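Undergrad: The structure's right below; bear with me while I get my questions together.
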Amino acid sequence: MVIVDAQQNIAFNAQQLGLDYTRWAWHQRRDASGADGPPPVVSLRDNMLGRVAIVFGSLQVLSESTPGLQAWQRHTYRTAADARQLALWQMDTYRRLADDHDKVRLILTRDDLDDVLETWRDDESIDKRLHGIVVKMKGAEPVSEPRQLEDWLEYGVRIVAPAWHQTRYAGSARSDGGLTLLGYELLEVMAGFQLLLDVSALSEQATAEALERYEGAIIASHSNPRFFCQSSRCLPDALIRRLAERDGVMGIMVYNRFLRNDWHPADRKRQVNLAHWVDAVDYVCQLTGSVAHVGLDSDIDGGYPYRALPSEIDTSCDLWLLRRSLLERGFSEKESAAILGGNMLRKLKECLPDG
(Lines give C-alpha, C1' and ligand atoms only; values in the text may rest on other atoms or scores of the structure.)
Protein backbone atom coordinates (compact mmCIF):
# COMPACT_ATOMS: atom_id res chain seq x y z
CA MET A 1 0.00 0.00 0.00
CA VAL A 2 1.25 3.49 -0.88
CA ILE A 3 -0.18 6.93 -0.28
CA VAL A 4 -1.00 9.40 -3.02
CA ASP A 5 -1.45 12.89 -1.59
CA ALA A 6 -3.36 15.02 -4.09
CA GLN A 7 -2.02 18.28 -2.75
CA GLN A 8 1.16 19.53 -1.18
CA ASN A 9 2.33 23.10 -1.71
CA ILE A 10 6.03 22.32 -2.07
CA ALA A 11 7.11 24.97 -4.59
CA PHE A 12 4.76 27.65 -3.24
CA ASN A 13 6.25 27.31 0.24
CA ALA A 14 9.76 27.28 -1.16
CA GLN A 15 8.97 30.55 -2.90
CA GLN A 16 7.12 32.27 -0.07
CA LEU A 17 8.88 30.84 2.99
CA GLY A 18 12.23 29.67 1.65
CA LEU A 19 11.55 26.06 2.72
CA ASP A 20 13.85 23.30 1.49
CA TYR A 21 11.95 20.14 0.55
CA THR A 22 15.08 18.02 0.89
CA ARG A 23 15.54 18.76 4.62
CA TRP A 24 13.61 17.10 7.44
CA ALA A 25 10.60 19.20 8.46
CA TRP A 26 11.69 19.12 12.09
CA HIS A 27 15.13 20.53 11.24
CA GLN A 28 13.55 23.37 9.31
CA ARG A 29 11.10 24.01 12.11
CA ARG A 30 13.96 24.25 14.60
CA ASP A 31 15.83 26.71 12.40
CA ALA A 32 12.68 28.78 11.82
CA SER A 33 11.76 28.95 15.51
CA GLY A 34 10.12 32.29 16.25
CA ALA A 35 9.92 33.23 12.56
CA ASP A 36 6.78 34.57 10.92
CA GLY A 37 4.73 32.06 8.99
CA PRO A 38 3.32 28.53 9.40
CA PRO A 39 5.55 25.73 10.73
CA PRO A 40 7.31 23.43 8.23
CA VAL A 41 5.44 20.10 8.12
CA VAL A 42 6.48 18.54 4.80
CA SER A 43 9.73 17.22 3.37
CA LEU A 44 10.96 14.59 0.94
CA ARG A 45 12.25 12.46 3.82
CA ASP A 46 9.07 12.79 5.89
CA ASN A 47 7.01 11.80 2.86
CA MET A 48 9.19 8.81 2.05
CA LEU A 49 9.12 7.56 5.63
CA GLY A 50 5.32 7.92 5.68
CA ARG A 51 4.99 5.93 2.41
CA VAL A 52 3.75 8.99 0.54
CA ALA A 53 4.99 7.71 -2.78
CA ILE A 54 3.36 10.37 -4.97
CA VAL A 55 2.26 13.93 -4.37
CA PHE A 56 0.43 16.37 -6.58
CA GLY A 57 2.70 19.39 -6.18
CA SER A 58 0.85 22.65 -6.69
CA LEU A 59 1.69 25.75 -8.65
CA GLN A 60 -0.14 28.55 -6.89
CA VAL A 61 0.15 32.30 -7.34
CA LEU A 62 -1.54 35.04 -5.34
CA SER A 63 -2.85 38.35 -6.58
CA GLU A 64 -1.78 41.42 -4.64
CA SER A 65 -5.52 41.99 -4.08
CA THR A 66 -6.13 38.52 -2.59
CA PRO A 67 -8.28 38.92 0.54
CA GLY A 68 -6.55 37.99 3.77
CA LEU A 69 -2.97 37.96 2.50
CA GLN A 70 -0.55 37.00 5.25
CA ALA A 71 2.65 38.90 6.01
CA TRP A 72 4.74 35.92 4.87
CA GLN A 73 2.99 35.79 1.48
CA ARG A 74 5.33 38.33 -0.06
CA HIS A 75 5.41 37.32 -3.72
CA THR A 76 2.21 38.39 -5.48
CA TYR A 77 1.18 39.34 -8.98
CA ARG A 78 -0.53 42.33 -10.54
CA THR A 79 -0.74 41.25 -14.18
CA ALA A 80 -1.11 37.95 -16.02
CA ALA A 81 2.55 38.26 -17.04
CA ASP A 82 3.54 38.54 -13.37
CA ALA A 83 1.44 35.46 -12.56
CA ARG A 84 3.19 33.51 -15.29
CA GLN A 85 6.64 34.45 -14.00
CA LEU A 86 5.79 33.44 -10.43
CA ALA A 87 4.44 30.10 -11.63
CA LEU A 88 7.52 29.48 -13.79
CA TRP A 89 9.66 30.16 -10.74
CA GLN A 90 7.73 27.44 -8.87
CA MET A 91 7.87 25.09 -11.87
CA ASP A 92 11.64 25.49 -11.86
CA THR A 93 11.66 24.39 -8.21
CA TYR A 94 10.11 21.05 -9.17
CA ARG A 95 12.38 20.57 -12.15
CA ARG A 96 15.49 21.27 -10.07
CA LEU A 97 14.31 18.84 -7.39
CA ALA A 98 14.11 16.11 -10.03
CA ASP A 99 17.41 17.09 -11.66
CA ASP A 100 19.39 17.38 -8.44
CA HIS A 101 18.03 14.47 -6.40
CA ASP A 102 18.01 10.89 -7.64
CA LYS A 103 15.08 10.01 -5.34
CA VAL A 104 12.71 12.51 -7.01
CA ARG A 105 10.95 11.87 -10.30
CA LEU A 106 8.63 14.28 -12.09
CA ILE A 107 5.75 12.18 -13.38
CA LEU A 108 5.04 13.18 -16.97
CA THR A 109 4.04 9.83 -18.49
CA ARG A 110 2.61 6.46 -17.50
CA ASP A 111 6.11 5.01 -17.73
CA ASP A 112 7.28 7.53 -15.14
CA LEU A 113 4.40 6.54 -12.89
CA ASP A 114 5.10 2.82 -13.31
CA ASP A 115 8.80 3.36 -12.58
CA VAL A 116 7.98 5.08 -9.28
CA LEU A 117 5.38 2.54 -8.20
CA GLU A 118 7.70 -0.37 -9.03
CA THR A 119 10.13 0.84 -6.37
CA TRP A 120 7.40 0.63 -3.70
CA ARG A 121 6.97 -3.13 -3.83
CA ASP A 122 7.10 -4.70 -0.38
CA ASP A 123 10.33 -6.53 -1.22
CA GLU A 124 12.12 -3.31 -2.17
CA SER A 125 14.25 -1.56 0.46
CA ILE A 126 13.49 2.05 1.33
CA ASP A 127 16.81 3.29 -0.04
CA LYS A 128 15.78 2.05 -3.51
CA ARG A 129 12.43 3.86 -3.58
CA LEU A 130 11.52 6.85 -5.74
CA HIS A 131 9.25 9.76 -4.88
CA GLY A 132 6.99 11.01 -7.65
CA ILE A 133 5.68 14.55 -8.10
CA VAL A 134 2.79 15.37 -10.43
CA VAL A 135 2.57 19.11 -11.07
CA LYS A 136 -0.87 20.64 -10.60
CA MET A 137 -1.74 24.22 -11.52
CA LYS A 138 -3.94 25.46 -8.68
CA GLY A 139 -5.73 28.36 -10.36
CA ALA A 140 -5.18 29.09 -14.06
CA GLU A 141 -4.06 32.72 -13.69
CA PRO A 142 -0.60 31.93 -15.19
CA VAL A 143 -2.26 30.75 -18.44
CA SER A 144 -2.52 33.95 -20.47
CA GLU A 145 -4.92 32.36 -22.95
CA PRO A 146 -6.19 28.77 -23.38
CA ARG A 147 -3.93 28.02 -26.33
CA GLN A 148 -0.91 28.83 -24.15
CA LEU A 149 -1.75 25.75 -22.06
CA GLU A 150 0.38 23.74 -24.49
CA ASP A 151 3.45 25.54 -23.16
CA TRP A 152 2.58 24.52 -19.59
CA LEU A 153 2.13 20.95 -20.76
CA GLU A 154 5.68 21.08 -22.10
CA TYR A 155 6.90 22.49 -18.78
CA GLY A 156 5.38 19.51 -16.98
CA VAL A 157 1.87 20.44 -15.78
CA ARG A 158 -0.55 17.49 -15.84
CA ILE A 159 -3.47 18.75 -13.71
CA VAL A 160 -5.29 22.09 -13.91
CA ALA A 161 -7.75 23.71 -11.51
CA PRO A 162 -9.27 26.69 -13.39
CA ALA A 163 -9.74 28.83 -10.28
CA TRP A 164 -8.69 29.21 -6.68
CA HIS A 165 -9.87 32.77 -6.32
CA GLN A 166 -11.94 34.14 -9.20
CA THR A 167 -10.11 34.16 -12.51
CA ARG A 168 -10.79 35.07 -16.12
CA TYR A 169 -11.86 31.45 -16.52
CA ALA A 170 -14.37 30.82 -13.75
CA GLY A 171 -16.02 31.94 -10.56
CA SER A 172 -14.57 30.53 -7.38
CA ALA A 173 -15.96 29.30 -4.08
CA ARG A 174 -15.05 32.70 -2.69
CA SER A 175 -17.07 34.49 -5.38
CA ASP A 176 -20.02 33.85 -7.67
CA GLY A 177 -20.52 32.98 -11.30
CA GLY A 178 -19.94 30.03 -13.54
CA LEU A 179 -17.46 29.30 -16.27
CA THR A 180 -16.70 32.22 -18.56
CA LEU A 181 -16.51 31.86 -22.33
CA LEU A 182 -12.76 31.73 -21.90
CA GLY A 183 -13.26 29.04 -19.27
CA TYR A 184 -15.20 26.84 -21.67
CA GLU A 185 -12.41 27.29 -24.20
CA LEU A 186 -9.88 26.32 -21.54
CA LEU A 187 -11.77 23.06 -20.90
CA GLU A 188 -11.78 22.29 -24.61
CA VAL A 189 -8.01 22.75 -24.82
CA MET A 190 -7.51 20.68 -21.67
CA ALA A 191 -9.61 17.85 -23.10
CA GLY A 192 -7.53 17.90 -26.28
CA PHE A 193 -4.41 17.31 -24.20
CA GLN A 194 -6.13 14.83 -21.85
CA LEU A 195 -5.25 16.90 -18.79
CA LEU A 196 -6.79 16.00 -15.45
CA LEU A 197 -9.39 18.62 -14.43
CA ASP A 198 -9.52 19.63 -10.78
CA VAL A 199 -12.81 21.33 -9.83
CA SER A 200 -11.70 22.21 -6.30
CA ALA A 201 -12.36 25.82 -5.28
CA LEU A 202 -14.73 26.50 -8.17
CA SER A 203 -18.10 28.04 -7.37
CA GLU A 204 -21.03 25.63 -7.24
CA GLN A 205 -22.25 26.89 -10.60
CA ALA A 206 -18.83 26.56 -12.21
CA THR A 207 -18.37 23.08 -10.71
CA ALA A 208 -21.72 21.90 -12.07
CA GLU A 209 -20.93 23.34 -15.51
CA ALA A 210 -17.48 21.74 -15.57
CA LEU A 211 -18.87 18.35 -14.56
CA GLU A 212 -21.40 18.65 -17.35
CA ARG A 213 -19.08 19.91 -20.06
CA TYR A 214 -15.65 18.37 -19.50
CA GLU A 215 -15.13 15.09 -21.32
CA GLY A 216 -11.90 14.02 -19.63
CA ALA A 217 -10.95 12.73 -16.20
CA ILE A 218 -12.03 14.81 -13.19
CA ILE A 219 -11.07 15.12 -9.53
CA ALA A 220 -11.98 17.50 -6.72
CA SER A 221 -8.59 17.37 -5.09
CA HIS A 222 -9.29 19.19 -1.81
CA SER A 223 -13.05 19.56 -1.37
CA ASN A 224 -14.35 18.10 1.90
CA PRO A 225 -18.09 17.41 2.33
CA ARG A 226 -20.13 20.45 3.32
CA PHE A 227 -21.97 18.28 5.85
CA PHE A 228 -19.01 18.78 8.21
CA CYS A 229 -18.32 22.44 7.48
CA GLN A 230 -20.69 25.04 6.11
CA SER A 231 -18.05 26.59 3.88
CA SER A 232 -18.41 27.37 0.20
CA ARG A 233 -15.05 25.63 -0.21
CA CYS A 234 -16.71 22.30 0.64
CA LEU A 235 -18.91 20.32 -1.72
CA PRO A 236 -22.66 19.88 -1.15
CA ASP A 237 -24.14 16.40 -1.47
CA ALA A 238 -25.59 16.99 -4.93
CA LEU A 239 -22.20 17.83 -6.41
CA ILE A 240 -20.53 14.92 -4.63
CA ARG A 241 -23.07 12.57 -6.21
CA ARG A 242 -22.57 14.19 -9.61
CA LEU A 243 -18.79 13.86 -9.28
CA ALA A 244 -19.22 10.17 -8.51
CA GLU A 245 -21.48 9.76 -11.55
CA ARG A 246 -18.56 11.07 -13.62
CA ASP A 247 -16.29 8.53 -11.87
CA GLY A 248 -14.48 11.41 -10.22
CA VAL A 249 -12.56 11.32 -6.93
CA MET A 250 -12.61 13.90 -4.14
CA GLY A 251 -9.72 14.33 -1.74
CA ILE A 252 -10.34 14.79 1.98
CA MET A 253 -8.09 17.33 3.70
CA VAL A 254 -6.54 16.94 7.14
CA TYR A 255 -7.61 20.49 8.01
CA ASN A 256 -9.54 20.81 11.26
CA ARG A 257 -11.88 23.54 10.08
CA PHE A 258 -13.21 21.28 7.31
CA LEU A 259 -13.49 18.23 9.57
CA ARG A 260 -15.65 19.63 12.39
CA ASN A 261 -18.43 22.19 12.20
CA ASP A 262 -17.72 23.35 15.75
CA TRP A 263 -13.95 23.76 15.41
CA HIS A 264 -12.59 27.25 16.11
CA PRO A 265 -9.10 28.55 15.30
CA ALA A 266 -8.51 29.16 19.00
CA ASP A 267 -9.23 25.51 19.87
CA ARG A 268 -6.45 23.22 20.98
CA LYS A 269 -4.93 20.77 18.54
CA ARG A 270 -6.21 17.67 20.36
CA GLN A 271 -9.88 18.56 19.79
CA VAL A 272 -9.74 17.02 16.29
CA ASN A 273 -8.23 13.63 15.49
CA LEU A 274 -7.91 11.25 12.56
CA ALA A 275 -11.25 9.63 13.41
CA HIS A 276 -12.85 12.88 12.20
CA TRP A 277 -11.01 12.49 8.88
CA VAL A 278 -12.38 8.96 8.59
CA ASP A 279 -15.87 10.34 9.35
CA ALA A 280 -15.60 12.50 6.22
CA VAL A 281 -14.30 9.58 4.14
CA ASP A 282 -17.10 7.32 5.35
CA TYR A 283 -19.68 10.01 4.61
CA VAL A 284 -18.61 10.14 0.95
CA CYS A 285 -18.62 6.34 0.73
CA GLN A 286 -22.14 6.14 2.16
CA LEU A 287 -23.39 8.98 -0.05
CA THR A 288 -21.98 7.50 -3.27
CA GLY A 289 -22.38 3.83 -2.34
CA SER A 290 -18.73 3.08 -3.03
CA VAL A 291 -15.17 3.59 -1.79
CA ALA A 292 -14.12 4.44 -5.36
CA HIS A 293 -14.72 8.19 -5.23
CA VAL A 294 -12.75 9.38 -2.22
CA GLY A 295 -9.05 9.85 -1.57
CA LEU A 296 -6.50 11.91 0.30
CA ASP A 297 -5.60 15.51 -0.38
CA SER A 298 -3.96 16.47 2.87
CA ASP A 299 -3.09 20.09 2.04
CA ILE A 300 -1.08 19.58 5.22
CA ASP A 301 1.24 22.46 4.31
CA GLY A 302 -1.56 24.84 3.32
CA GLY A 303 -0.39 27.70 5.51
CA TYR A 304 -2.25 26.73 8.68
CA PRO A 305 -1.10 27.13 12.25
CA TYR A 306 0.04 23.88 13.85
CA ARG A 307 -3.16 23.55 15.92
CA ALA A 308 -5.24 23.44 12.72
CA LEU A 309 -4.05 19.87 12.02
CA PRO A 310 -5.47 16.76 13.75
CA SER A 311 -3.84 15.72 17.01
CA GLU A 312 -1.88 12.79 15.55
CA ILE A 313 -0.39 14.83 12.69
CA ASP A 314 2.96 16.49 13.24
CA THR A 315 4.58 16.12 9.81
CA SER A 316 3.67 14.40 6.55
CA CYS A 317 5.35 11.26 7.90
CA ASP A 318 2.26 10.82 10.09
CA LEU A 319 -0.08 10.53 7.10
CA TRP A 320 0.67 6.79 7.28
CA LEU A 321 -1.46 6.72 10.46
CA LEU A 322 -4.53 7.25 8.26
CA ARG A 323 -4.29 3.58 7.25
CA ARG A 324 -4.66 2.43 10.85
CA SER A 325 -7.60 4.78 11.38
CA LEU A 326 -9.38 3.36 8.34
CA LEU A 327 -8.77 -0.24 9.44
CA GLU A 328 -10.01 0.52 12.95
CA ARG A 329 -13.24 1.86 11.46
CA GLY A 330 -13.81 -1.38 9.58
CA PHE A 331 -12.48 -0.62 6.12
CA SER A 332 -10.64 -3.57 4.62
CA GLU A 333 -7.00 -3.51 3.52
CA LYS A 334 -8.15 -3.34 -0.11
CA GLU A 335 -10.57 -0.50 0.58
CA SER A 336 -7.96 1.41 2.57
CA ALA A 337 -5.45 1.03 -0.25
CA ALA A 338 -8.00 2.43 -2.72
CA ILE A 339 -8.78 5.42 -0.51
CA LEU A 340 -5.19 6.29 0.31
CA GLY A 341 -3.80 5.84 -3.18
CA GLY A 342 -5.60 3.63 -5.65
CA ASN A 343 -8.47 5.95 -6.52
CA MET A 344 -6.27 8.94 -7.32
CA LEU A 345 -3.92 6.65 -9.27
CA ARG A 346 -6.88 5.50 -11.37
CA LYS A 347 -7.63 9.06 -12.45
CA LEU A 348 -3.98 9.87 -12.98
CA LYS A 349 -3.50 6.89 -15.28
CA GLU A 350 -6.44 8.06 -17.39
CA CYS A 351 -4.72 11.33 -18.26
CA LEU A 352 -1.02 10.49 -18.51
CA PRO A 353 0.38 9.84 -21.99
CA ASP A 354 2.30 6.68 -22.81
CA GLY A 355 6.06 6.71 -23.08
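Undergrad: For every other residue with a beta carbon closer than 13 angstrom to the beta carbon of Leu179, add +1 if it is Lys or Arg and -1 if Asp or Glu, then tell me the sum.
TA: Net charge in that neighbourhood comes out at -4.
Undergrad: Could you give the accessible area per residue of region 40-180, probe 1.4 Å, as a whole number in Å²?
TA: 42
Undergrad: With just the Cα atoms defining each centre, how far is region 102-169 from region 5-66? Give it in Å.
TA: 16
Undergrad: Moving on. Could you give the length gained on full extension between His264 and Leu49, defined as 0.36 nm per residue of separation minus the Cα-Cα distance, in nm?
TA: Full-extension gain reported as 74.3 nm.
Undergrad: Arg84: net charge of surrounding residues, Cβ under 10 Å, Lys/Arg +1, Asp/Glu -1, itself excluded?
TA: Charge balance in the 10 Å sphere: -3.
Undergrad: Considering amide H positions built from the backbone, and no H for Pro or chain starts, which residues 5 or more places from Ala140, or on another chain, come under 5 Å of its amide H?
TA: Ala163, Trp164
Undergrad: Find the Cα radius of gyration of region 120-199, compare it with 2.2 N^0.38 Å by division, and give the number to two decimals.
TA: So region 120-199 has a normalised radius of gyration of 1.38.
Undergrad: I've got another one for you. Where only protein heavy atoms count, and the probe is 1.4 Å, what is the accessible area per residue for region 230-353 in Å²?
TA: For region 230-353, the solvent-accessible area averages 39 Å² per residue.
Undergrad: What's the longest uninterrupted piece of the chain once you rule out the GluC sites (Glu not before Pro) that are loop residues per DSSP with at most 15 other Cβ within 10 Å?
TA: 216-355
Undergrad: Now for a different question. Which value, in debye to the nearest 20, gives the size of the charge dipole of the chain about its Cα centre, when Lys and Arg are +1 and Asp and Glu are -1 at the Cβ?
TA: Result for the chain is approximately 880 debye, rounded to the nearest 20.
Undergrad: For Arg96 and Asp247, compute 0.36 nm times the residue count separating them, minus their Cα-Cα distance, and round to one decimal in nm.
TA: Fully extending the segment from Arg96 to Asp247 adds 50.9 nm.
Undergrad: Something else: Show that you can apply the helix-only estimate: for the chain, add -39,500 (n - 2.57) for every DSSP H stretch of four or more residues, divide by all residues, and state [θ] at 222 nm to the nearest 500.
TA: Theoretical 222 nm ellipticity from helices: -10500 deg cm²/dmol.
Undergrad: Wrap a convex hull around the Cα atoms of the chain, take a quarter of its surface area, and give that in square nanometres.
TA: Result: a mean projected hull area of 16.0 nm².
Undergrad: Computing the accessible area with a 1.4 Å probe over protein heavy atoms, can you report the carbon and sulfur percentage for region 35-154?
TA: Here it works out to 43 percent.
Undergrad: If you take the beta carbon distance between Arg30 and Ala238 as r and set R0 to 56 Å, what does 1/(1 + (r/R0)^6) give as a FRET efficiency, to the nearest 0.05?
TA: The pair Arg30/Ala238 has a calculated efficiency of 0.75.
Undergrad: Let me ask another. May I ask you to work out the translational diffusion coefficient for region 258-355 at 20 °C, viscosity 1.002 mPa s, via Stokes-Einstein with Rh from the Kirkwood sum over Cα pairs, reported in whole µm²/s?
TA: 146
Undergrad: To continue, here is another question. Hey, any idea what % of region 228-332's accessible area is carbon plus sulfur with a 1.4 Å probe?
TA: 46
Undergrad: Extending each Cα 7 Å along its Cβ direction at Leu287 and Ala80, get the distance between those two points in nm, one decimal.
TA: Inter-label distance under the simple model: 3.5 nm.
The values are calculated or read from the model by the stated rules, or taken from the named source; none is laboratory data. Predicted model, so just to flag it, every value in this text is computed and none were measured. Glycine also receives a Cβ, built like all others from the backbone with ideal geometry; neighbour counts cover every protein chain displayed. Accessible surface is based on the protein model in full, side chains and every heavy atom, while ligands, DNA and RNA are left aside. Shrake-Rupley method; radii C 1.70, N 1.55, O 1.52, S 1.80 Å.
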